[in-house]
Amino acid sequence: MSTVGGIEIEELQRSLRGALLLPGEAQYDEARKIWNAMIDKRPAMIVRCAGPADVRTAVDFARSHGLPLAVRGGGHNIAGSALVDNGLVIDLGMMRSVRVNPQARRARVEGGATLRDVDHEAQSYGLATPFGINSTTGVGGLTLGGGFGWLTRKFGLAIDNLVSADIVIASGERLHTDRDSHPDLFWAIRGGGGNFGVVTSFEFALHAVGPMVTAGLLVFPFAQAGSVLRKYRDYVEALDEDVSVWAVLRKAPPLPFLPPAVHGTDIVALAFFSPLPPEDADAAVARVRGFGEPVGEHIGAVPYTAWQQAFDPLLVPPARNYWKSHNFNRLSDDAIDVVIAYAGKLPSDQSEIFLGLLGGAANTHAADEMAYPHREALYAMNVHTRWQDPSEDARCLAWAREFFKAAAPHAAGGVYINFLNEDEVDRIAEAYGPNYPRLKEIKAKYDPDNLFRSNQNIRPGA
Ligand SMILES: Cc1cc2nc3c(=O)[nH]c(=O)nc-3n(C[C@H](O)[C@H](O)[C@H](O)COP(=O)(O)OP(=O)(O)OC[C@H]3O[C@@H](n4cnc5c(N)ncnc54)[C@H](O)[C@@H]3O)c2cc1C
């Protein structure tokens, strides 16, 4: 790394429409906080970009000074890839505009927007596109890795709805990419993460959704977990696209619809979602309710935007977080038994094991149609270990790792890149699957020196 002098820093500052934050300055410490409090990195500078021209300036500056570079969208990546020690961070947090064209059913979304930003604007026209289940997550990281949530069974992954993108590549060039312009790049950014440049603007297809949908929670006691999960498995494997149900095993939060005696006890919660109105979704709700004897439920018509924010309060920073994830194509009885065994010894009140449901429209694409390859996976299972006190680190990490190992023989052998930890570099090939060699070639074309390497990195190769 070359040294960067005061004059060069002043020049960089002058050339920006946004702001440059340096260590010791007001806001610097706030700006280097991200969702996962396990990450404590100290960048040499944080460039708060006001638009694509600033992004280009920052990319050129990092490249020409040999500075390590990181790109921050919503700051939610568990591996902490949004930050880099002693390098330059491109912070897109000021670039959150969303412009909806209701006639064309398209949204133009800046690279630093959150899911909430897009839902807010699109829902004012009764439109939406599939994203994740926490509204504070960044569109940037989520989309570039794939992106799945409640609308995925109906409308596919976020990348299945990506129409085009504006991107600043390692050379500083600003490209527009879609199926016809730089199609190799467009193929690669749909699942290849932040490896290929900084996306300053995404264009998404939108669909009519809501504003009211049918959603909520059905909560069962842990003693019924074996039978509830088996019935859940049999049900979702033959489910149509209009319904999605995720299973979560954790300790009951003090939700007002649960009897106080249930608070803090082990539970299985089934989170139900359908874009249909209650009169059309009621039969499906009744079926799921019948998987056991619920200790509480809260389900019915709810605004789509409210459901998109429903889980936010459980996940607010600061907290220490560690994830371990497997994809499953099917859930065997043995897999269910392992899930229950480890859910019975959760290391903290906030930890959980969840089964996110894929399938439906997400599984109608070929594995090589774009970089994201996991088109046979029906479940993305994530062990979300969450706690506050650093003295608990070893115990919490050990639980997650042991569960991960015990579940591995029953899993499909793939993993979603957006759920990888920083200590899982050895799983990158597994995450990109059969598309990895092509991704390496495209990386060599657009980023031969691997400038964009603070991510689930694809090394340039032949
Ligand atoms: C609470 C929570 C809930 C989640 N729920 C879901 C879910 O329901 N579904 C799901 O699919 N995923 C989910 N995720 C995972 C999420 O997709 C990843 O954490 C993702 O990386 C977050 O993106 P971000 O922009 O917020 O993160 P950041 O940490 O800011 O970015 C992660 C990486 O993405 C790249 N990047 C981000 N923006 C850009 C851009 N504009 N241009 C180029 N590169 C960029 C960079 O390489 C960056 O290091 C969740 C994560 C959390 C913490």
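Any read-out appearing in this document is the output of simple, stated calculations on the displayed coordinates, not a laboratory observation. Only a predicted model underlies this, so the values are computations on that prediction, with no experimental measurement involved. Neighbour counts are summed over all protein chains in view; Cβ atoms, including those assigned to glycine, are modelled from backbone coordinates with ideal geometry.
Observations on the structure shown:
- Computed lengthening from D178 to A366, 0.36 nm per intervening residue step minus Cα-Cα distance: 65.9 nm
- Taking Cβ atoms as reference points and 14 Å as the exclusive limit, the residues near A366 contribute a net charge of -1, counting Lys and Arg as +1 and Asp and Glu as -1.
- Bridges between two residues of the chain, per DSSP, are antiparallel at a rate of about 90%.
- Reference-scaled alpha-carbon Rg (2.2 N^0.38 Å with N residues) for segment 12-168: 1.08
- Among residues other than V243 with Cβ under 11 Å from its Cβ, the summed charge is -1 (Lys and Arg +1, Asp and Glu -1).
- Calculated P(r) of segment 212-419 - Cα pairs past 27 Å, %: 31 percent
- Shown in residue order for segment 456-462 are the 3J(HN,Hα) couplings computed by the Karplus curve 6.51 cos²θ - 1.76 cosθ + 1.60 at θ = phi - 60°: 7, 6, 9, 6, x, x, 7 Hz (x for Gly and Pro).
- Proportion of all alpha-carbon pairs of segment 172-221 beyond 13 Å (%): 71 percent
- Of the peptides 377-385, 346-354, 51-59, 140-148, the order by per-residue mean of other Cβ atoms within 10 Å, starting with the highest, comes out as 140-148, 377-385, 51-59, 346-354.
- Value of Rg/Rh across segment 270-329 [Cα atoms, Kirkwood radius]: 1.05
- Cα-Cα separations in segment 276-383 greater than 20 Å, expressed as whole percent: 62 percent
- Straight-line cross-link reach from K41 at under 20 Å between alpha-carbon atoms covers these aspartates and glutamates, not counting any fewer than eight positions away in the same chain: E25, D29, E30, D85, D91, D389, D393, E422, D423, E424.
- Per-residue ellipticity at 222 nm computed for the chain from its helices equals -7500 deg cm²/dmol, with DSSP H segments shorter than 4 residues left out and the rest contributing -39,500 (n - 2.57).
- In summary, the aspartates and glutamates within cross-link reach of K231, defined as a Cα separation below 14 angstrom excluding same-chain residues under 8 places away, comprise E293, D333, D337.
- Net charge over other residues, Cβ less than 13 angstrom from the Cβ of D333 (K, R count +1; D, E count -1): +1
- Taken over the chain, the ratio of Cα radius of gyration to 2.2 N^0.38 Å equals 0.96.
- When both segment 33-99 and segment 388-419 are represented by their alpha-carbon centers, they are found 27 Å apart.
- Over segment 371-462, the ratio between the Cα radius of gyration and 2.2 N^0.38 Å evaluates to 1.28.
- Fraction of beta bridges assigned by DSSP in segment 6-91 that are antiparallel (%, nearest 5): 25 percent
- With the largest listed first and rounded to whole Å, the semi-axes of the equivalent ellipsoid of segment 6-91 from the Cα gyration tensor are 20, 13, 12.
- The simple spin-label model puts a point 7 Å past each Cα toward its Cβ; for D312 and E430 those points are separated by 3.4 nm.
- With 0.36 nm allotted per residue and the present C-alpha distance subtracted, the K445-S227 stretch has 73.3 nm of extension available.
- Global geometry of segment 212-254, whether rounded, prolate or oblate, following the gyration tensor of its Cα atoms and the 1.5 cut on a/c: oblate
- Here, segment 123-248 yields an orientationally averaged convex hull projection of 9.9 nm² when only Cα atoms define the hull.
- For the pair A50 and R438 in one chain, pulling the backbone fully straight at 0.36 nm per residue adds 136.3 nm over the alpha carbon distance.
- Dipole of the chain, positive direction: furthest Cα of L12, L255, S164, with charges on the beta-carbon: L12
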